[in-house]
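Readers should treat all values here as calculations from the given coordinates under stated rules, not as data from a laboratory. Here the structure is a predicted model, which means the values were calculated and not measured. Backbone-built Cβ (ideal geometry, glycine too); neighbour counts: all protein chains shown.
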Amino acid sequence: MNDTNNQTKIALEKKYPWPRRRLIRWTLKTGIGVASSLLTRWEVKGRENLPAQGPLLVVGNHFHFLDTVAPIHSTRWPLEFIGDLVMPNAPKLMRLFPNAWQTLKIKQGAPNLEALQAAEAILAQKGVLVIYPEGHVHTGPLRAALPGAAYMALRTGAPILPMGTVSDNQWQLFKTITEKKRRLGVLTQIGTVFGPLNADNPKRPTREEIKAAGHLIMTKIAALLPKDYRGEFDPEIG
């Protein structure tokens with residue numbers, strides 16, 4: 001059994017090496033930097049909290065499809081993303097970006113064994129993986145986490161880096177420029193690394209352990225957001 005597991009691990013690390021697609025991702029990151037400078041006043045706080053290397057699980061809020069740009073804009077790593085296959089709230093043009101980046105895609109409510117195994121393989125190579133615990137895009141405040149991020153944290157033991165990102169005009173890039181005659185203000189706050197999170201049996205964390213880990217992750221994200229966006233995860237309440 002161990003030989004089979006080792007062969008599977010080697011095969012996955014060969015299929016999903018860290019880092020990968022460096023030129024394409026560098027090109028996309030450069031384009032994001034240019035667009036961010038032209039269209040926004042993007043402030044990043046907490047870069048001193050970025051560790052030198054992985055493994056690392058980056059988590060954040062998901063109030064708009066554009067907040068997925070925050071980890072790319074705020075860090076230096078060729079990040080891996082695990083995200084929604086459907087992306088129902090993103091414009092068609094923006095759906096091309098995950099394909100170019102080659103995001104690990106999951107379908108909510110369906111088995112996602114390959115994506116989860118790929119994510120574990122990336123973290124095993126000291127990679128940096130971004131996951132949005134709430135799953136789908138939604139308006140604030142924060143909502144309860146789906147099981148994925150907590151499950152991944154408990155299984156791998158990877159340290160976790162929280163981020164919080166908000167804009168000052170509901171992410172209306174062009175409307176802010178044309179109507180308010182200014183660039184959109186965006187703030188990304190990078191928190192401190194926490195974890196690893198522990199489970200009695202990391203390979204099979206219980207529902208209670210996953211729920212508790214998910215709540216902790218959301219509380220860490222909430223602490224980086226304005227009070228109105230924190231919802232039930234406001235650390236000042238709990």
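Given a Förster distance of 22 angstrom, what is the FRET efficiency for Ile32 paired with Ala52, based on the Cβ-Cβ distance and rounded to 0.05? Could the numbers behind the result be given before it?
Values: r = 23 Å, r/R0 = 1.04.
The value I calculate is 0.45.
Based on Cα positions only, what radius of gyration and what Dmax would you give for the range 2-233, in angstroms?
Just the Cα atoms of the range 2-233 yield Rg and Dmax of 17.4, 63 Å.
Only bridges whose two residues both fall in the chain count here: according to DSSP, what percent of them are antiparallel, nearest 5?
Approximately 25 percent, going by the DSSP bridge assignments.
Please give the length that would be gained between Arg22 and Glu179 if that part of the chain were fully extended, namely 0.36 nm times their separation in residues minus their C-alpha to C-alpha distance (nm, one decimal).
52.7 nm
For the range 102-164, which trypsin sites (Lys or Arg not before Pro) are in a loop by DSSP, counting at most 15 other Cβ atoms within 10 Å?
Lys107, Lys126
Could you tell me the relative contact order of the chain? Use alpha-carbon pairs under 8 Å, at least six residues apart, and round to a whole percent.
Taking the mean separation of contacting Cα pairs over the length of the chain, I get 26 percent.
Using the beta-carbon distance between Gln102 and Gln172 and R0 = 41 Å, what value does 1/(1 + (r/R0)^6) give for FRET efficiency, to the nearest 0.05?
0.90
Count charges around Glu236 for me, please; just the other residues with Cβ under 14 Å from its Cβ, Lys/Arg as +1, Asp/Glu as -1.
Neighbour charge sum, excluding Glu236 itself: 0.
From the cross-link list Lys15/Lys175; Lys29/Lys180; Lys126/Lys220; Lys45/Lys211; Lys14/Lys203, which pairs have alpha carbons spaced over 31 Å apart?
Over 31 Å apart, Cα to Cα: Lys15/Lys175.
Hey, what angle do you get for helix 147-156 against the long axis of the chain, alpha-carbon based, 0 to 90 degrees rounded to 10?
50 degrees
At 10 °C and 1.306 mPa s, grab the translational diffusion coefficient of the range 197-238 from Stokes-Einstein with a Kirkwood Rh over Cα pairs, rounded to a whole number in µm² per second.
142 µm²/s
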